[in-house]
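Reading through the structure tokens given below for one structure.
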Amino acid sequence: MQNESIYLETSVISYYTAKPSRDVIVLAHQEITHEIWDKLKKKFKIYISEVVIEEAGSGDKEASQKRLSVIQDFPLLELNKEVEKLTEVYIKEFQIPKKALRDAVHLAIASVHNIDYLVSWNCAHIANGVVIKKLSEINTKMGIHIPVICTPEFLEV
């Protein structure tokens, strides 16, 4: 039975479906993602959001179709007023650049919906020690759930 939940951020989906990279670090992340994909689906209840669908559906048509096909059965978490308000707090507190505003939405969705793990390969604005510490401080102060933020390799499956 799937007891714990995951909010799957778009970078993990992209790494899972992309052609093998020539960058050795990205390639290693892709391999790790491939190795644990089915294990994650068996052990956890995996959620996505409309933001994930929007991001996964952008870009190259063939690649986007592949990304969308692997997530089609994952349930969606609602983008509600609480998520919107918390996103605004994160944008201000984290000083997230305009091009990365969706990253604040991912953080807010996982927090508001009491998701156990936010899984991401985005180490610039999500799976980043500074972001994780600040998110913990903000959420504690506001009395909001704090999801564990990690890359796929740090989930024991």
What distance in nm lies between label points placed 7 Å from Cα along the C-beta direction at Gln95 and Glu156?
3.7
Kirkwood Rh, angstrom, the stretch 4-154 [1 / mean 1/r, Cα pairs]
15.6
Taking every DSSP beta bridge with both residues inside the chain, roughly what % is antiparallel (nearest 5)?
0
Label the stretch 17-88 by shape, choosing from rounded, prolate and oblate, from the square roots a ≥ b ≥ c of the eigenvalues of the Cα gyration tensor; if a/c is under 1.5 it is rounded, and otherwise prolate applies when a/b is larger than b/c, oblate when it is not.
prolate
What is the fewest-to-most order of Thr140, Thr17, Thr87 by other Cβ atoms lying within 10 Å of their Cβ?
Thr140, Thr17, Thr87
How high is the relative contact order of the stretch 4-154, in percent, counting Cα pairs under 8 Å that sit 6 or more residues apart?
28
For the stretch 57-136, alpha-carbon Rg over 2.2 N^0.38 Å:
1.18
For Asp23, put the label point 7 Å out on the Cα→Cβ axis and report which residues of the stretch 101-130 keep their amide N under 16 Å from it.
120-128
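We did not get these values from a lab; they are worked out from the coordinates using the rules stated. Nothing here was measured: the structure is a model prediction, and the numbers come from that model. For neighbour counting, all protein chains shown are included, and Cβ atoms are generated from backbone atoms with ideal geometry for every residue, glycine included.
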